[in-house]
Amino acid sequence: MRILLISAYEASSHKAWAQTLMDQLPEHDWSYMALPPRHFAWRIRGNAMSFAFDPKFKPLLEKPYDLIIATSMTDCVGLKAFCPDLQNIPWLLYFHENQFAYPPSDKQQGLVEMQMVTLYSALAADQCVFNSQFNKASFFSGARALLKKLPDYVSPDWLNLTEEKACVVPVPVSVPSSMEKLKNDKQGGQVPVRLVWSARWEYDKGPDRLLAILQVLNVRHVPFEIAILGEQFRSIPKEFEQIQQAFPEQITQFGYAKSRQDYLSCLASADIVLSTALHEFQGLAVLEAVALGCVPVLPNRQVYPELFGDQYLYQSYLLNIDDEAESAVDLIVNIMKERLETPSVEPFQIKGLLPTYRAMIQEVAVKPLFRNI
């Protein structure tokens with residue numbers, strides 16, 4: 001089968017997902033085109049023009065295909081309009097995230113327009129696939145709420161068929177077998193407890209909440225070390241500088257790992273993976289850490305309740321960071337005391353998900369084109 005895979009905003013996790021599909025499903029003839037992960041709002045609004053009119057993409061767009069798989073930031077409607085040959089090919093739209101569940105911020109610009117692009121693409125696709133139930137539910141509830149606000153000639157019912165056909169298939173977690181020894185050599189219950197925090201260095205990942213948790217650990221005399229990983233951008237929240245200044249002795253890694261191997265080694269050497277996210281649709285970094293033996297300590301919000309049991313969740317207090325930090329530290333202390341076991345990530349591992357991806361691709365490619373009318 002000839003498949004065109006499109007990533008309109010090639011974040012590192014999106015790139016890894018695309019590469020996994022191409023590597024693990026070699027029976028298909030893959031073509032891949034992507035745009036760099038910068039200028040977020042423009043990328044969503046302008047990717048159809050960029051793909052359709054930049055000469056470097058022309059050879060790829062002129063090839064014949066049996067199926068198109070695109071990330072949800074791709075403007076499917078715009079690409080179909082600019083490239084008529086793509087109109088009569090089945091489209092599978094994969095949602096790593098959606099534009100309806102972001103925490104409020106004064107930095108958000110053009111949010112409604114970005115939501116509309118994604119909504120148009122969902123209605124134009126033959127199959128929508130989400131990486132979590134939380135992602136799926138928040139997209140459809142948010143999209144219906146937006147449609148209800150529009151002045152006329154719209155109906156939330158337009159989404160019914162799209163939602164009925166939508167499904168959930170997570171991004172696979174793949175940990176090299178060479179990392180298993182480090183995972184198995186861990187000694188549980190050690191002091192100081194070794195924490196790892198791995199997320200984008202942006203406000204929606206809760207750096208202020210991370211700072212508060214570390215402060216409570218210090219006040220309560222809980223010995224700890226922490227590796228703070230994650231992708232950094234031009235604008236870095238001030239809390240990271242405050243953390244670096246306040247905890248120089250406890251920080252074992254500060255900043256993006258030099259290589260994938262270094263990153264996985266940091267995860268494998270930690271006892272606990274900590275999240276403070278206000279925005280998380282699957283939690284791939286957490287799942288990777290858990291696959292390498294870390295016990296998760298996660299807020300009871302976003303996607304996290306559907307990943308693991310309540311024993312790995314601390315209470316979410318969106319309006320009270322101090323109370324949330326106390327709850328997180330209570331959980332960390334209890335995990336150290338009880339030596340809580342690492343939960344299974346088997347449902348997210350690549351070996352189990354590949355048959356699902358394979359069957360889904362085959363089904364979408366051969367069934368009649370979906371028209372949501």
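For a paramagnetic label modelled on MET360 (point 7 Å from Cα along Cα→Cβ), amide N atoms under 19 Å away belong, within segment 77-94, to 90-94. The alpha carbon gyration tensor of segment 1-157 gives principal lengths a ≥ b ≥ c with a/c of 1.5 or higher and a/b greater than b/c, which makes the shape prolate. In the context of the full set of protein chains, residues of segment 46-161 present 44 Å² of accessible surface per residue (probe radius 1.4 Å, heavy atoms only). Counting only DSSP beta bridges with both residues in the chain, tell me the antiparallel percent, nearest 5. Of the beta bridges lying entirely in the chain, close to 0 percent run antiparallel.
Shape class for segment 212-326: rounded, because the ratio a/c of the largest to smallest gyration tensor axis (alpha-carbon atoms, square roots of eigenvalues) is under 1.5. Note down the relative contact order for segment 1-117 as a percent, whole number, built from C-alpha pairs under 8 angstrom at least six residues apart. It rounds to 30 percent for segment 1-117. Under the criterion of Cα pairs below 8 Å and six or more residues apart, the relative contact order for segment 243-373 equals 17 percent. Take segment 261-373 with all the other protein chains still there, run a 1.4 Å probe, and you get 44 Å² of accessible area per residue.
With +1 on the Cβ of every Lys and Arg and -1 on the Cβ of every Asp and Glu, and nothing else charged, how large is the dipole of segment 24-177 about its Cα centre, in debye rounded to the nearest 20? Intermediate values should be presented prior to the final figure.
Details: 13 positive and 15 negative charges, 92 e Å.
The calculated dipole for segment 24-177 is roughly 440 debye.
Look at the alpha carbon pairs under 8 Å that are at least 6 residues apart: their mean separation over the length of segment 61-138 gives a relative contact order of 39 percent. Along the charge dipole of the chain, which of ALA81, SER235, PHE134 sits closest to the positive end, that is, farthest toward it, with unit charges on the beta carbon of Lys, Arg, Asp and Glu (+1, +1, -1, -1)? Toward the positive end, the furthest listed residue is ALA81. For segment 132-178, the alpha-carbon coordinates run over 58, 18, 12 Å along the three principal axes, in decreasing order.
The label-point distance for GLN261 and GLN87, in a model that sets each label 7 Å from Cα toward Cβ, rounds to 5.1 nm. Normalised by residue number, the volume inside the convex hull of the Cα atoms of the chain is 143 Å³ per residue.
Placing unit charges on each Cβ (+1 for Lys and Arg, -1 for Asp and Glu) gives segment 255-373 a dipole about its Cα centre, and among MET336, GLN311, ALA285 the Cα reaching farthest toward its positive end belongs to ALA285.
Whenever you get a sec, compute what percent of the accessible area on the chain sits on carbon and sulfur atoms (1.4 Å probe). Mind showing how you got there, number by number?
Numbers: 8930 of 17180 Å².
On the chain, the fraction of accessible area on carbon and sulfur atoms equals 52 percent.
The Cα-based radius of gyration of segment 210-250, divided by its Kirkwood radius, gives an Rg/Rh of 0.99.
Around the Cα centre of the chain, unit charges on the Cβ atoms of Lys, Arg, Asp and Glu (plus for the first two, minus for the last two) sum to a dipole of about 720 debye.
Test of the criteria: in segment 1-89, which trypsin sites (Lys or Arg not before Pro) are in a DSSP loop and have at most 16 other Cβ atoms within 10 angstrom of their Cβ? Don't skip to the answer; put the middle values down first.
Details: sites: ARG2, LYS15, ARG38, ARG43, ARG45, LYS56, LYS80; in loops: ARG38.
Here the sparse-neighbourhood loop sites are ARG38.
Label sites at ILE251 and ARG38, each approximated as a point 7 angstrom past Cα along Cα to Cβ, lie 2.5 nm apart. Residue by residue, segment 7-22 carries 3J(HN,Hα) couplings of 10, 7, 8, 7, 5, 4, 5, 5, 5, 5, 4, 4, 5, 4, 4, 5 Hz when phi is fed to the Karplus relation 6.51 cos²θ - 1.76 cosθ + 1.60 (θ = phi - 60°); x denotes Gly or Pro.
The values are calculated or read from the model by the stated rules, or taken from the named source; none is laboratory data. Just so it is clear, the structure is predicted and the values come from calculations on it, not from any experiment. Note that each Cβ is placed from the backbone with ideal geometry, even for glycine, and that neighbours are counted across all protein chains shown. Only protein heavy atoms, including side chains, enter the accessible area calculation; ligands, DNA and RNA are left aside. Shrake-Rupley method; radii C 1.70, N 1.55, O 1.52, S 1.80 Å.
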